[in-house]
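Bear in mind that the values in this text are calculations on the coordinates, not laboratory data. The structure presented is a predicted model; accordingly, all values stated were derived computationally and were not measured. Every residue, glycine as well, gets a Cβ built from its backbone with ideal geometry; the counts of neighbours run over all protein chains shown.
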Amino acid sequence: KRPTEVDPASERRGILTVFVTRGVRVLRDNELKLPNPVATVRCAGQSYTTEALVEKTKSPVWDEEFLFFNVVEGDTMTLSVNHKTATGEFLGGFDLRVADREGLRS
């Protein structure tokens, strides 16, 4: 190998902490019915889902923390919001490369 090549097996692996705080204006296709949203976060082959809220709301507050292990900067974190369960009606979401994670801090 040339000195500038990086062996993928030697990539630094770390722990990614994800805080899922709240959703804003979470709506269903039928806007007359309020959703019962849950958020699912996936990264590095791992998946966590927030606790289902008791009340239906378009402004959910979860305040939950998840730890992902063996994460590399090339991984992508995916957050999706669904109605009632992780496989329920899709309400929204986004993907974020782990290497870009600093951009979300406020």
What's the local net charge at Glu64, with K and R +1, D and E -1, over the other residues with C-beta under 11 Å away? -2
Given R₀ = 35 Å, FRET efficiency for Glu73-Leu27 by Cβ-Cβ distance, to 0.05? 0.55
Between region 18-49 and region 56-91, what is the separation of their alpha carbon centroids in Å? 6 Å
Taking the Cα centre of region 31-106 as origin, sum charge times position over the Cβ atoms of Lys and Arg (+1) and Asp and Glu (-1), and report the length of that vector in debye to the nearest 20. 220 debye
Counting only Cα atoms, I'd like the Rg/Rh figure for region 22-106, Kirkwood definition for Rh. 0.99
Distant-in-sequence amide H partners of Gly92 (H built 1.01 Å from N, under 5 Å): Val81
Give a residue-ordered list of calculated ³J(HN,Hα) values for region 48-61 (Karplus: 6.51 cos²θ - 1.76 cosθ + 1.60, θ = phi - 60°; whole Hz; x for Gly, Pro). 9, 10, 5, 5, 5, 6, 6, 9, 6, 7, 9, 10, x, 10
Met77 long-range amide H proximity, modeled H, under 5 Å: Leu96, Arg97, Val98
Counting only residues 5 or more apart in sequence or on a different chain, those whose built amide H sits under 5 Å from that of Lys84 are Asn36, Val38
